[in-house]
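Each remark here refers to the structure printed beneath this line.
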Amino acid sequence: MSKSDQNLDRQIDQLKEFGCERIFLEKVSGMKKERPELNRMFETLRSGDTVIVTELTRLSRSVRDLFEFTAQIHAIGADIKSLKESWIDTGTPQGKLLFAIFAGISQFERDLIRQRTMEGLSAARARGKNGGRPKKESAQIDLAIRMYNNKVCSISEICKATKISKTTLYRYLNK
């Protein structure tokens, strides 16, 4: 499972090479609650199956969710195996122990990365640098809104003439 701007080919190749019979492809962030392919996987999962993931981060972005998914998988009578984290084999007591230890370490690493990122952003702001996209000129926005209100031009024409994206235009129109 992967974000929409990522290519799934590498993951698909790894799963096919491993011999997976069915592959669930999802281009939705692991942080989102609505994950239709994950739900479909759980609906088709049967006792004795093994869920193969290329890496644990493809299944879940937090330790809590990872433990929840693993508990659901085990409740069905299935196991989970990661190709990247080859130590995980929840079919054995040792694998379950290692899973708990390394999942905690993985979350710790993510938290450290997030902390460093936030510290870096704070340091940049302290030096007067603000992240994000540059603001559009108010003259561009005003022109786009006037063009929209005149109902002469299409949205595409307005966006092209003012160099404003549709999303930005609609955001200002909804204000």
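Read-outs throughout are calculated quantities, based only on the coordinates presented, and are distinct from any laboratory measurement. The shown structure was predicted, so the numbers you read here are calculated from the model rather than taken from an experiment. Note that each Cβ is placed from the backbone with ideal geometry, even for glycine, and that neighbours are counted across all protein chains shown.
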Measure nothing fancy, just the Cα-based angle from helix 138-150's long axis to the longest principal axis of the chain, in degrees from 0 to 90, nearest 10. 80
Principal-axis tilt of helix 63-76 within the chain, Cα atoms, nearest 10 degrees: 50
Difference of contour (0.36 nm per residue) and Cα-Cα distance, Glu43 to Ile155: 36.1 nm
When you count, for each residue, the other Cβ atoms within 10 Å and take the mean per peptide, how do 112-124, 146-158, 90-102 rank with the highest first? 90-102, 146-158, 112-124
Distance between modelled label sites at Gln72 and Ile101, nm, 7 Å Cα→Cβ extension: 2.8
For region 106-151, shape from the Cα gyration tensor axes a ≥ b ≥ c, cut at a/c of 1.5 then a/b versus b/c, turns out oblate
Quote the FRET efficiency, to the nearest 0.05, computed for Lys16 versus Lys166 with a Förster distance R0 of 30 Å and r equal to the Cβ-Cβ distance. 0.20
Using only Cα atoms, find the angle between the long axis of helix 9-18 and the longest principal axis of the chain, and express it within 0 to 90 degrees, rounded to the nearest 10. 10
Taking the Cβ-Cβ separation of Asp65 and Ala126 as r and a Förster radius of 41 Å, what is the calculated FRET efficiency to the nearest 0.05? 0.75
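Taking square-rooted eigenvalues a ≥ b ≥ c of the alpha carbon gyration tensor, is region 91-175 rounded, prolate or oblate, where a/c under 1.5 means rounded and, failing that, a/b exceeding b/c means prolate?
Working: a/c = 6.12, a/b = 2.33, b/c = 2.62.
Note, shape of region 91-175 comes out oblate.
Whole number please: convex hull volume per residue of the Cα set in the chain, in Å³? Can you show the working numbers first?
Details: hull volume 30.8 nm³, N = 175.
Per residue, the Cα convex hull of the chain comes to 176 Å³.
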